[in-house]
Amino acid sequence: MKYCFGVDIGGTTVKLGLFEATGEIIDKWEIVTRVENRGEAILPDVAATINAKIKEHQIEADDILGIGVGVPAPVSAEGVVNGSANLGWEYKEAKKELEELLNLNVEFGNDANVAALGEMWKGGGAGEKNLIMVTLGTGVGGGVIVGGKVLTGNNGAGGEIGHICVNYSETDHCGCGNCGCLEQYASATGIVRIAKKRLLSETRATVLNKARISAKTVFDAVKAGDEVAQDIATEFGRYLGHALANIAVIADPGIIVIGGGVSRAGEVLLDYIKGPYMERAFFANKKVEFALATLGNDAGICGAAKLILE
């Protein structure tokens, strides 16, 4: 039997999975991400916990096909990370370092791209080879898959959907330093931002409370029929739907998968995205399917394993 490991390195925890070459998960676990001292302990900790699992499962080194790793940063084809604020890394030859620690084949990818690969393989996009995945969390992440291959680009920044400019009149800055990025409107924090601005001048009755507003409270209110919340969701959906139409004319996806914490709102979320998408979509892209991600926290480890099993 042949095996591989999938590793999803986040700012708080590292999620890991041991897979058979068939794709079956036979073990999964987490360790704490130690980001102090510029994250110098992260890769040694990953190596140590993988070596412990190899010993626990009595696996021979020759039976391990490799280790796939997703990280929250652009990653070059050579496995170089040119900075990750979440991990404290600056320039890091991540692939080389982990291969030296483990003496095994290692492949790195951006975490959102890797999650997209996981959803294509085992999740909401199963059976498709052309896919756009958007992860709506604190920020907006994305992955574009064409012909079954992740679009990474020259600098590993392919699929950075959250930083498409969707409002050229915006004066507030995104975390990336630019203005008017999709992330400022379609992330969980972006939805709160839209809501707070609207509530400043809103005169209609609403269950929304500016002091305790969140993406969840907005969509809970949407489901309860609150007109103000529905208007907030409409604005969110317009920004995201129009952006996806622009991406689709380049990537020509068969399916668009929506994941991340905001996607827990369920099917109602898709209802607000599909209409604006269809308004702007090129005629050849109108047959696209929309789906919610299904793998949850396992998307990263599954996609990371798929880096090895491709």
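Look at Val262 and say whether it is in contact with a helix residue (DSSP H, G or I) (Cβ under 6 Å, 6 or more places away or on another chain) and at pLDDT below 95. It is true that Val262 is in contact with a helix residue (DSSP H, G or I) (Cβ under 6 Å, 6 or more places away or on another chain) and at pLDDT below 95. Residues that are closer than 21 Å to Cys302 by Cβ and not in a strand (DSSP E or B) within the stretch 57-73 comprise His57, Ile59, Asp63, Pro72, Ala73, listed in sequence order.
Mind listing just one residue for me: the one in the stretch 76-108 that is more than 17 Å from Arg34 (Cβ to Cβ), out of contact with any Ser or Thr (no Cβ under 7 Å at 6 or more places or on another chain) and small (Gly, Ala, Ser) and, of those, surrounded by the most Cβ atoms within 10 Å (Cβ to Cβ)?
Filtering the stretch 76-108 down to residues more than 17 Å from Arg34 (Cβ to Cβ) leaves 76-80, 82-83, 91, 93, 95-96, 99-100, 102-108.
Imposing the further condition that a residue be out of contact with any Ser or Thr (no Cβ under 7 Å at 6 or more places or on another chain) reduces the set to 76, 78-80, 82-83, 91, 93, 95-96, 99-100, 102-108.
If we keep only those that are small (Gly, Ala, Ser) too, we end up with 76, 79, 83.
Numbers: Ser76: 18, Gly79: 21, Gly83: 12.
Here the answer is Gly79.
Going through the stretch 252-262 one residue at a time, which ones are part of a helix (DSSP H, G or I) and crowded, with 23+ Cβ neighbours inside 10 Å?
Correct list: Val262 only.
For every residue, the table says whether it meets (1) hydrophobic (A, V, I, L, M, F, W, C); (2) assigned to a helix (DSSP H, G or I); (3) at pLDDT below 95.
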position	(1), (2), (3)
Phe5	yes, no, no
Arg34	no, no, no
Ala47	yes, yes, no
Lys55	no, yes, no
Asn86	no, no, yes
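Scan the stretch 221-251 for residues that are surrounded by fewer than 20 Cβ atoms within 10 Å (Cβ to Cβ), under 19 Å from Cys165 (Cα atoms) and basic (Lys, Arg) and the total you get is 0.
Could you tell me whether Ala47 is over 21 Å from the mean Cα position of the chain (by Cα), of a type in the set (A, V, I, L, M) and closer than 14 Å to Leu87 by Cα?
Working: over 21 Å from the mean Cα position of the chain (by Cα): yes; of a type in the set (A, V, I, L, M): yes; closer than 14 Å to Leu87 by Cα: no.
No, not satisfied.
Checked against the criteria, Gly153 does not count as in the same structural domain as Val222 (by TED's automatic domain parsing) and within 12 Å of the chain's Cα centre (by Cα). The residue that is farthest from the chain's Cα centre (by Cα), counting only those in the stretch 271-308 that are in a helix (DSSP H, G or I), among the aliphatic types (A, V, I, L, M) and surrounded by fewer than 19 Cβ atoms within 10 Å (Cβ to Cβ), is Ala284. When the stretch 188-217 is limited to residues that are touching a helix residue (DSSP H, G or I) at 6+ places or on another chain (Cβ under 7 Å) and in contact (Cβ under 8 Å) with a residue 40 or more places away in the chain, the one that is surrounded by the most Cβ atoms within 10 Å (Cβ to Cβ) turns out to be Ala215.
The values are calculated or read from the model by the stated rules, or taken from the named source; none is laboratory data. Being a predicted model, the structure only gives us computed values, none of them experimental. Backbone-built Cβ (ideal geometry, glycine too); neighbour counts: all protein chains shown.
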